[in-house]
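Values in this text are rule-based calculations from the coordinates and carry no lab data. Since this is a predicted model, take the numbers as computed values, not measurements. With ideal geometry, Cβ positions are generated from the backbone for all residues, glycine too; neighbour counts draw on all protein chains shown.
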Protein chains: 2
Amino acid sequence: MAVAPPKPKDLSLSALRAFEAAARLGGFAAAAEELGVSPGAVTAHVKALEDRLGAVLFQRDAKGVRLTALGQRVLPGLSEAFDHLAAASHHMQAEAAPQLVHIATLPAIAQFWLSPRLPELRRIAPEISVSITAMEAPPNLKRAPYDLCLFFGGSQGTALTEDVIFPVCAPSVAARLRSVADLADVPCLSDTAWSEDWALWLAAAQPEGGIAPRGPAYSLYALAVEEAVNGAGVLIGHEALVARHLAAGRLVAPFAERATTGRSLRLWSAPPAGPAARQVMRWLTESA
Amino acid sequence: MAVAPPKPKDLSLSALRAFEAAARLGGFAAAAEELGVSPGAVTAHVKALEDRLGAVLFQRDAKGVRLTALGQRVLPGLSEAFDHLAAASHHMQAEAAPQLVHIATLPAIAQFWLSPRLPELRRIAPEISVSITAMEAPPNLKRAPYDLCLFFGGSQGTALTEDVIFPVCAPSVAARLRSVADLADVPCLSDTAWSEDWALWLAAAQPEGGIAPRGPAYSLYALAVEEAVNGAGVLIGHEALVARHLAAGRLVAPFAERATTGRSLRLWSAPPAGPAARQVMRWLTESA
DNA sequence: AATCTAGGGTCAGAAAAATTGAGTCTATTA
DNA sequence: TAATAGACTCAATTTTTCTGACCCTAGATT
């Protein structure tokens, strides 16, 4: 009731952003991940916001957090506002550097599919700069500053090629393989994120079953490929990613059977895509 | 062209806000004022943003700054986004403390008009808390977190009373005044922000002219009122602000002539006004 | 039951950012 | 010819923010 403190400061933008991310993603840890900070920072921001408001936004318990009624009421408005802000920010960057195209993709795609195509793209469109950021999962395009995304699966954008898989190995290893059954006797390499690959292919190649491939799993597909090239075993290969090694003869496909994961290599863009992004998109589509 | 740095950080929210304010208000100094920081901070933020974008947003020269073409293209989107964010933030505070009403007003109005009415309001609606922030000019309601504004002039909202002015002084001083001409012999107090008041009143009271009131000007109306009560001279009084002193007999109006400044005491609200804000508004309107 | 795991909370110290404040510079105004 | 207004620079300082290591709880797993 008194003549109040001189400057009623606005709510902190960082705190609002932390709250919005935590509420939208359903947890402080996920919010910290998206914002690129530690969970403790998110905790602190949300707490500061709650103190400032004099009201509780989350109900905490040991297994996570849930929005309070108040939190649920204010979340939609905040999310919209941050969507607008992200769009404006993205627009700003696009206007400032119209010839720069940011692509988000899997590390393996970046290395084995995208990277080999860049020299040609640079030759055709030297005025365009491409920047590539590797990540495990497609980003939220409403927030993250990328122009194009290139990932397996989903249903967005256009499918470039089907995801076809089949075993590949160094020629020296192939010489020891006479039949699918021989796979039981060699290390079968795989990627931890694609642990179903062997089972998928075997279901197509040897429906009667009976083979349980064993071997190391790598958290980076590039490591598994490298090992396969070095003769460490048989890798379950994704066609789009091992095509160059096959063409160069560093890897061969010992069996003719091929399977599809049911997913595709897909390319999509963040609207509104500028001319440079559209050109890169068109070119990548054609090159597939 | 290389596989780029791991984390393409978003543009800093503070930097975006500083740029937006500077661009909208047409100057770094004005932006600093609105944001409640020093001009140097705004300079630094804008510079950081320009470096980050690799493009120039403002064209600087000695008399100020002008937006570049790039700046002009990105400003509208950013301003809209920050409008949304401010609205969401305001909504959040309103939801968290629905019984709290923030009022922005002139220091003099706060002290002499609003404050005396608060006890009665508290009696009638004890569940409502009122917080008052004094400032020299009406805030930008699209951004500042106030529910109600109460200022002289403008055309927003509803007019509570006309701004009527006339000389007032302590009774002891009044005893020495027989005619308007006697004003030449006493200190004529005024507020620096309302320096035209004496001339306005004299034009009405003594159209033939010939009187040039002299006396100290105060940067705070409250100081001038205090001096007048203490018998330091004759103050050109605003009816709404000196009514209590007149009623209590601490000040008297030595002359019957009254003039109007052509402005009114006006009350308006930031949409959407909540129930508490509307109730305070209704009550203030009726009490006028 | 014990153990494991996921998700949060807390805290002190450290790192980074923002801010200030004094001094400069340059056109415009008086 | 001052005086003024607006912006810039830079170093020092203050404030904010972040991290990293720890604890805690509840459900899932052994």
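Taking the Cα centre of chain B as the origin, how large is its charge dipole in debye, to the nearest 20, when only Lys and Arg (+1) and Asp and Glu (-1) carry charge on their Cβ atoms?
So the dipole magnitude of chain B works out to roughly 640 debye.
At A:Gly36, with labels set 7 Å past Cα in the Cβ direction, how many nm apart are the copies from this one, shortest first?
2.8
Nearest 500 deg cm²/dmol is fine: what mean residue ellipticity at 222 nm does chain B get from its DSSP H runs of n ≥ 4 alone, each adding -39,500 (n - 2.57), divided by its residue count?
On the way: 10 runs with 116 residues, N = 288.
It comes out at -12500 deg cm²/dmol, rounded to the nearest 500.
Average partner chain C-beta neighbours within 10 Å, per residue of A:69-82? Write down the numbers at each step before the final one.
Numbers: counts 1, 3, 3, 0, 4, 8, 2, 2, 9, 7, 1, 4, 11, 5.
Counting other chains' Cβ atoms within 10 Å and averaging over A:69-82 gives 4.
Working from Cα positions, state the angle (0 to 90°, nearest 10) between the long axis of helix B:275-287 and the longest principal axis of chain B.
20
How much length, in nm to one decimal, is gained on full extension between B:Glu136 and B:Ala247, taken as 0.36 nm per residue of separation minus their Cα-Cα distance?
Gain in length upon complete extension: 37.3 nm.
Modelling each spin label as a point 7 Å along the Cα-to-Cβ direction, I'd like the B:Glu257/A:Glu208 distance in nm, to one decimal.
11.9
Just the number, please: percent antiparallel of the DSSP beta bridges in the range B:99-288, rounded to the nearest 5.
Bridges in the range B:99-288 are about 55 percent antiparallel.
Where does helix A:39-53 land angle-wise versus the long Cα axis of chain A, in degrees 0 to 90, nearest 10?
In chain A, helix A:39-53 runs at an angle near 20 degrees to the longest axis.
Report the label-to-label distance for B:Arg60 and A:Gln156 in nanometres (one decimal), using points 7 Å from each Cα along the Cα→Cβ vector.
In this crude spin-label approximation the distance works out to 3.9 nm.
Averaging the inverse of every distinct alpha carbon separation and then flipping it gives the Kirkwood radius. What is it for chain A, in angstrom units?
22.2
Assigning unit charges at the beta carbon (Lys, Arg +1; Asp, Glu -1) and nothing else, what dipole magnitude in debye, to the nearest 20, does the range B:1-135 show about its Cα centre?
Taking the Cα centre of the range B:1-135 as origin, the dipole is about 260 debye.
Give me P(r) over the range B:146-254, computed from all C-alpha to C-alpha distances, binned every 10 Å, as integer percentages.
For the range B:146-254, the binned pair fractions read 14, 45, 30, 9, 1 percent.
Can you give the average number of partner chain beta-carbon atoms within 10 Å of each beta-carbon in peptide B:109-117, as a whole number?
Average per residue, whole number: 1.
Just to check I understand the Karplus step: with θ = phi - 60° and J = 6.51 cos²θ - 1.76 cosθ + 1.60, what whole-Hz values come out for the range B:200-216, glycine and proline as x?
4, 5, 5, 4, 8, 7, 9, x, 5, x, x, 10, 10, x, 10, x, x
To the nearest 10 degrees, how steep is helix A:13-25 against the longest Cα principal axis of chain A, on a 0 to 90 scale?
So the inclination is approximately 50 degrees.
All other residues with a Cβ under 14 Å from the Cβ of A:Phe112 taken together, and with Lys, Arg as +1 and Asp, Glu as -1, what is their net charge?
Details: positive: A:Arg117, A:Arg244, A:Arg250; negative: A:Asp163, A:Asp191, A:Glu226, A:Glu239.
Net of charged neighbours comes to -1.
Using the reciprocal of the averaged 1/r over all distinct C-alpha pairs, how large is the Kirkwood radius of the range A:69-140 in Å?
14.9
Taking the label point as lying 7 angstrom from Cα along the Cα-to-Cβ axis, what are the distances from A:Ala181 to the corresponding position in the remaining copies, in ascending order and in nanometres?
13.2
Any idea what the alpha-carbon Rg over 2.2 N^0.38 Å comes to for the protein assembly as shown?
Values: Rg = 35.4 Å, N = 576, 2.2 N^0.38 = 24.6 Å.
Here the Cα radius of gyration is 1.44 times the empirical estimate.
In µm²/s, what is D for the range B:73-202 at 37 °C and 0.692 mPa s, where D = kT/(6 pi eta Rh) by Stokes-Einstein and Rh is the Kirkwood radius from Cα pairs?
Here the translational diffusion coefficient equals 178 µm²/s.
Using only alpha carbons, build the gyration tensor for the range A:13-88 and give me the equivalent ellipsoid semi-axes, biggest first, whole Å.
Over the Cα atoms of the range A:13-88, the semi-axes work out to 18, 15, 12 Å.
Counting Lys +1, Arg +1, Asp -1, Glu -1, what net charge surrounds B:Arg282 among other residues with beta carbon under 14 Å of its beta carbon?
Surrounding charge for B:Arg282 is -1.
Relative to the other copies, what are the label-point distances for A:Asp61, with labels 7 Å from Cα along the C-beta vector, expressed in nm at one decimal and sorted shortest first?
Values, ascending and in nm: 6.7.
Taking the Cα centre of the range A:77-193 as origin, work out the dipole magnitude from +1 charges on Lys and Arg Cβ and -1 charges on Asp and Glu Cβ, in debye rounded to 20.
The calculation lands at about 280 debye.
Using the structure shown, select from B:Lys9/B:Lys142; B:Lys9/B:Lys47; A:Lys9/B:Lys142; A:Lys9/B:Lys9 the pairs with a Cα to Cα distance greater than 19 angstrom.
Among B:Lys9/B:Lys142; B:Lys9/B:Lys47; A:Lys9/B:Lys142; A:Lys9/B:Lys9, the Cα-Cα distance tops 19 Å for B:Lys9/B:Lys142; A:Lys9/B:Lys9.
What share of the DSSP beta bridges in the protein assembly as shown is antiparallel, in percent to the nearest 5?
60
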